[in-house]
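Since the structure comes first, as structure tokens, the remarks are kept for the end.
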Amino acid sequence: MNLLRPTPRRHFLLGGLSAAALATVTGRAFAADYPDHPITFICPWPAGGTADRSMRAICQIAARELGQPIALENRAGASGMIGTKVLASARPDGYTIGQIPISVTRFAQIGTVQLDPLKDLTYLTRTSGQTFGIAVPTGSPFKTLADVVAQAKAKPGTITYAHAGIGGATHVGMEQFAQAAGVRFNAIAYKGGAAALQDVLGGQVELLADSSSWAPHVEGGKLRLLATWGEARTPRFKSTPTLKELGYDVVVEAPNGIGAPRGLPPAVEKRLRDAFRVAVNSEEFRKVAESIDAPVMYQDGPDYRKYVQSVYRQETDLIQKLNLKELLQKG
């Protein structure tokens, strides 16, 4: 037996590397092959909704850039927090990514979801916002938002509005408006925007506070749009003023983004950021976004993370101001 057989040079070199250097080499090798099989994308909302439609469009474009399919998996519930928790708990290898609702900054502080959005997620890209608004049936006596405010001041707490859940964007935005206007409404919570919409159309509730579920019904003549909540007017409804234009310093756009679990290898993170940069800024996605009144609000990962940090701080004050923890406890 030849016990003096020379050690191959490749083995010698690797044996001399430090643990950190070896990890870097291994990570680069992994990233060079990434992705080599399909990626799972967690959408925390039901299939068929505006968020689902926008994420499917983005994933189709990003998949072409990555050279692998992206399979969208709907994990809806708890105002988007079930899917967000699934995402944060996944293996950080780049093969499970997903949509991050900006409301995670609120629900994490309230305790609805057990995760730290500043530590437990990797932020890849901010994608697009949502168009929120206040709508009423066309037969309603409220012709303008001023009519609503006047009635609310004359009879505090009597005007009802439907929203998609306590602590969600539609509830919080409406309560911000109420505080800015110095009025009080009777908030009626639903499990989602679809149920809220149906009860407003049916006349059971007076106002609807929701994202653009009202759009086809406004165009079809069943609903009247009184105001939108964005920084600027919505292109499809240019005649409708924003809350800000009407004198109320309230802007709610709730931009969504795409992320992964914490601990994603840097090279894999860059690969995903590059692919989704192309997808979000593509003409193909812009057309889909316009069709659902979702303004494109692109930010690359590092800037997106800074944005989330700023929203987190704002939400801390808002939770206290609106007594959201107490409202959630009451159900």
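Numerical summary
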quantity	calculated
Some residue of the range 22-33 being under 16 Å from residue 270 (Cα atoms), surrounded by 14 or more Cβ atoms within 10 Å (Cβ to Cβ), more than 14 Å from the chain's Cα centre (by Cα) and at pLDDT 95 or above	no
Criterion violated by residue 82 - all others in (1) at pLDDT below 95; (2) out of contact with any Lys or Arg (no Cβ under 6 Å at 6 or more places or on another chain) satisfied	(2)
Test result for residue 119, over 29 Å from the mean Cα position of the chain (by Cα) and of a type outside the set (A, V, I, L, M)	no
Given (1) under 16 Å from residue 261 (Cα atoms); (2) modelled with pLDDT of 95 or more; (3) not small (Gly, Ala, Ser), index of the condition residue 102 fails	(2)
Matching residues, the range 74-108, being out of contact with any Leu (no Cβ under 9 Å at 6 or more places or on another chain) and either open to solvent by 30 Å² or more (accessible area, probe 1.4 Å) or on the phi > 0 side of the Ramachandran plot (or both)	74, 76, 77, 78, 79, 80, 82, 86, 91
Output for the range 199-237, where each listed residue is basic (Lys, Arg) and at pLDDT 95 or above	222, 224
One residue from 204, 151, 179, 198 being surrounded by fewer than 18 Cβ atoms within 10 Å (Cβ to Cβ) and under 22 Å from residue 47 (Cβ atoms)	198
Failed item in (1) modelled with pLDDT of 95 or more; (2) hydroxyl-bearing (Ser, Thr, Tyr); (3) surrounded by 17 or more Cβ atoms within 10 Å (Cβ to Cβ), with residue 170 passing the rest	(1)
Residues satisfying the stated conditions in the range 269-295, i.e. at pLDDT 95 or above and within 13 Å of residue 255 (Cβ to Cβ)	280
Entirely in the range 214-331, the helices (runs of 4 or more DSSP H) that have 1 or more residues that are open to solvent by less than 60 Å² (accessible area, probe 1.4 Å), more than 30 Å from residue 201 (Cβ to Cβ) and touching a residue at least 24 places away in the same chain (Cβ under 8 Å)	266-280, 283-291, 301-322
Cβ pairs under 6 Å, 6+ apart, first in the range 45-71 and within 18 Å of residue 273 (Cβ to Cβ) and among the β-branched types (Val, Ile, Thr), second open to solvent by less than 60 Å² (accessible area, probe 1.4 Å) and part of a helix (DSSP H, G or I)	58/279; 58/285; 61/279; 70/59; 70/63
Within the range 62-73, tally of residues that are touching a Phe, Trp or Tyr at 6+ places or on another chain (Cβ under 8 Å) and buried (at least 20 other Cβ atoms within 10 Å of the Cβ)	2
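The values are calculated or read from the model by the stated rules, or taken from the named source; none is laboratory data. Bear in mind that the values here come from a model prediction, so they are computed numbers and not experimental data. Quick reminder, even Gly has a Cβ in these numbers, built from the backbone with ideal geometry, and neighbours come from all protein chains shown. Calculation scope for accessible area: heavy atoms of the full protein, side chains included, ligands and nucleic acids excluded. Shrake-Rupley method; radii C 1.70, N 1.55, O 1.52, S 1.80 Å.
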